[in-house]
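One structure is given here, and the rest of the page talks about it.
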Amino acid sequence: MSPIRSATIAALASAVVATTLTGCQFGGAEQDTSPIVIAADLELSGAAAPVGRTYQRALELKVEQLNSSGALNDRKIELKVKDNRSDAAESLRNIADFSSDSRVSAIIMGGCNECAVGAVGTINEKRIPTIALAASGAIASPVAERRYVFKLGPNAPDSAAALTTELRRNNVRKVGLLISDDDYGREGAAALKSELDKARITLRQQTAKTTDTDVSQQIQRLASGKPDALVFWTPPEQATLAATSTQQTTFRGSLFFDAGAAGDLFLGAAARATERATLIFTQTMVIDDVIATTPAKAARRQWFQDYTARYGGYNGSSSFAADAVQLIADAELRAGGPVGKVDRNGIRDVLETSQMDGLSGPIRMTPDNHSGLMPQALTTLVARNGRWRLAG
């Protein structure tokens with residue numbers, strides 16, 4: 001090390017020590033070392049448990065990374081998790097319990113659409129900032145009635161537009177659609193129909209309950225219409241089930257998956273049924289195929305590697321949970337407020353104007369839009385040899 005550089009470092013270190021001592025001795029600003037408490041209401045048992053457990057793993061990993069990074073100014077995140085058992089009533093009780101704990105800065109809710117929509121009234125009444133990872137647009141809209149509610153994940157209109165672009169590119173004229181019988185499924189059907197009408201693509205539709213473990217009859221009905229393509233707008237496990245059921249029919253066209261159907265990177269037992277299928281999702285799922293030309297892409301690649309190293313595989317939805325933690329931590333630090341006190345209104349105000357190139361892609365919240373994932377975050381993936389790959 002050169003004498004000049006050594007002297008410079010020593011001078012800087014002395015300045016830091018002097019500043020610290022001055023703050024201590026002469027009444028400088030008190031350092032806030034209180035924990036940032038983030039609560040999570042997740043589906044850890046019941047029908048939606050696979051997705052809920054994915055979110056829990058992602059939250060725990062992201063909290064661990066932030067706590068060891070030194071980026072929180074001597075503060076640490078404390079994660080409080082409750083199982084809602086995939087039940088909206090249980091979820092509402094969890095939200096009420098979290099809200100009454102004055103240490104809790106904000107809540108992250110899992111993938112249950114019914115849970116998130118059902119909790120809107122309580123969240124607003126208790127004025128506790130909440131980021132939902134479920135897909136339904138009704139969670140965050142209309143904004144005037146959901147001031148404390150935010151959503152992080154793919155939006156149905158964006159997914160429908162991207163799917164239609166791919167269908168047109170593949171010269172598809174007739175589509176069979178399987179949707180889940182919930183808010184997101186119905187929202188998706190409306191959005192996709194609107195886009196397909198503009199593209200002059202005809203549509204036939206079947207519905208599956210979110211608890212259905214057999215969709216063979218619905219698939220058989222869709223296949224009997226001899227469509228060029230089948231689109232599955234369902235949760236991941238059901239989409240995989242639908243693809244497997246399709247093998248038992250005469251259908252030999254193309255399969256397309258909405259972003260809400262994304263799950264594990266590796267397709268396992270469903271690899272043969274999904275070969276060459278198309279998925280609309282974020283680049284994070286296949287970031288190991290992408291050259292890290294920007295800091296954001298480098299961060300996504302690192303997250304992919306860290307998650308895979310920790311858990312032995314990758315699930316696309318993990319990035320939404322990690323981004324939710326980052327948004328809340330940033331909002332807590334920026335909101336300020338009295339030392340050791342939680343300023344929930346301040347956190348809400350910061351969240352409402354948050355901008356971040358997150359692990360999921362570009363995120364932009366505004367006072368008019370509480371669903372922050374930008375359309376540009378979505379890309380086209382193709383199943384090849386048992387895993388998702390970047391198309392092209």
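The values are calculated or read from the model by the stated rules, or taken from the named source; none is laboratory data. Note that the structure is predicted; figures quoted are calculated from it, not measured. Positions of Cβ are backbone-derived with ideal geometry, glycine not excepted, and every protein chain shown enters the neighbour counts. These area figures cover heavy atoms from the full protein model, side chains too; ligands, DNA and RNA do not enter into them. Shrake-Rupley method; radii C 1.70, N 1.55, O 1.52, S 1.80 Å.
Numbers at a glance
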| item | result |
| --- | --- |
| Matching entry among R57, R53 (being among the charged types (D, E, K, R), open to solvent by 40 Å² or more (accessible area, probe 1.4 Å), touching a Ser or Thr at 6+ places or on another chain (Cβ under 8 Å) and at pLDDT 95 or above) | R57 |
| Residue match in the stretch 292-308 (condition: in a helix (DSSP H, G or I), crowded, with 24+ Cβ neighbours inside 10 Å, touching a residue at least 40 places away in the same chain (Cβ under 8 Å) and not charged (D, E, K, R)) | yes |
| Cβ-Cβ under 7 Å pairs, at least 6 apart or on other chains, the stretch 171-193 side closer than 18 Å to T240 by Cβ and at pLDDT below 95, far side of a type in the set (A, V, I, L, M, F, W, C) and open to solvent by 10 Å² or more (accessible area, probe 1.4 Å) | Y184/A135 |
| Leading residue by the ranking (nearest to T246 (Cα to Cα)) among those in the stretch 274-297 that are touching a strand residue (DSSP E or B) at 6+ places or on another chain (Cβ under 8 Å) and of a type in the set (A, V, I, L, M) | A277 |
| Hits in the stretch 309-339 - residues which are aliphatic (A, V, I, L, M) and assigned to a loop (DSSP other than H, G, I, E, B) | V339 |
| Residue match in the stretch 348-368 (condition: open to solvent by 50 Å² or more (accessible area, probe 1.4 Å), under 30 Å from D74 (Cβ atoms), of a type in the set (V, I, T) and in contact with a strand residue (DSSP E or B) (Cβ under 9 Å, 6 or more places away or on another chain)) | yes |
| P154 vs. criteria within 22 Å of the chain's Cα centre (by Cα) and without any contact (Cβ under 8 Å) to a residue 24 or more places away in the chain | no |
| Number of positions in the stretch 60-94 that are closer than 15 Å to A134 by Cα, aliphatic (A, V, I, L, M) and within 19 Å of the chain's Cα centre (by Cα) | 0 |
| Members of the stretch 124-157 that are β-branched (V, I, T) and surrounded by fewer than 24 Cβ atoms within 10 Å (Cβ to Cβ) | V143 |
| Test result for R252, more than 15 Å from L192 (Cβ to Cβ), out of contact with any Asp or Glu (no Cβ under 6 Å at 6 or more places or on another chain), touching a residue at least 12 places away in the same chain (Cβ under 8 Å) and surrounded by fewer than 23 Cβ atoms within 10 Å (Cβ to Cβ) | no |
| I280 vs. criteria open to solvent by less than 20 Å² (accessible area, probe 1.4 Å), touching a Pro at 6+ places or on another chain (Cβ under 8 Å) and not in a helix (DSSP H, G or I) | yes |
| Condition check for F232: of a type in the set (F, W, Y), assigned to a loop (DSSP other than H, G, I, E, B) and either in contact (Cβ under 8 Å) with a residue 24 or more places away in the chain or touching a Leu at 6+ places or on another chain (Cβ under 9 Å) (or both) | no |
| Selection from the stretch 129-159 of residues that are among the aromatic types (F, W, Y) and in a loop (DSSP other than H, G, I, E, B) | Y148 |
| Any hit, the stretch 169-187, residues being crowded, with 17+ Cβ neighbours inside 10 Å, in a helix (DSSP H, G or I) and over 25 Å from the mean Cα position of the chain (by Cα) | no |
| Among the residues listed as T165, T210, the single one being at negative phi, open to solvent by 10 Å² or more (accessible area, probe 1.4 Å) and not in a helix (DSSP H, G or I) | T210 |
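One line per residue, one yes/no per condition, for (1) in contact (Cβ under 8 Å) with a residue 40 or more places away in the chain; (2) farther than 24 Å from D330 by Cα; (3) surrounded by fewer than 23 Cβ atoms within 10 Å (Cβ to Cβ):
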| residue | (1), (2), (3) |
| --- | --- |
| E78 | yes, no, yes |
| N84 | yes, yes, no |
| I108 | yes, no, no |
| E114 | yes, yes, yes |
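For every residue, the table says whether it meets (1) in contact with a Lys or Arg (Cβ under 8 Å, 6 or more places away or on another chain); (2) on the phi < 0 side of the Ramachandran plot; (3) in a helix (DSSP H, G or I).
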position	(1), (2), (3)
L92	no, yes, yes
I95	yes, yes, yes
F98	yes, yes, yes
S105	yes, yes, no
C115	no, yes, yes
G118	no, yes, yes
N124	yes, yes, yes
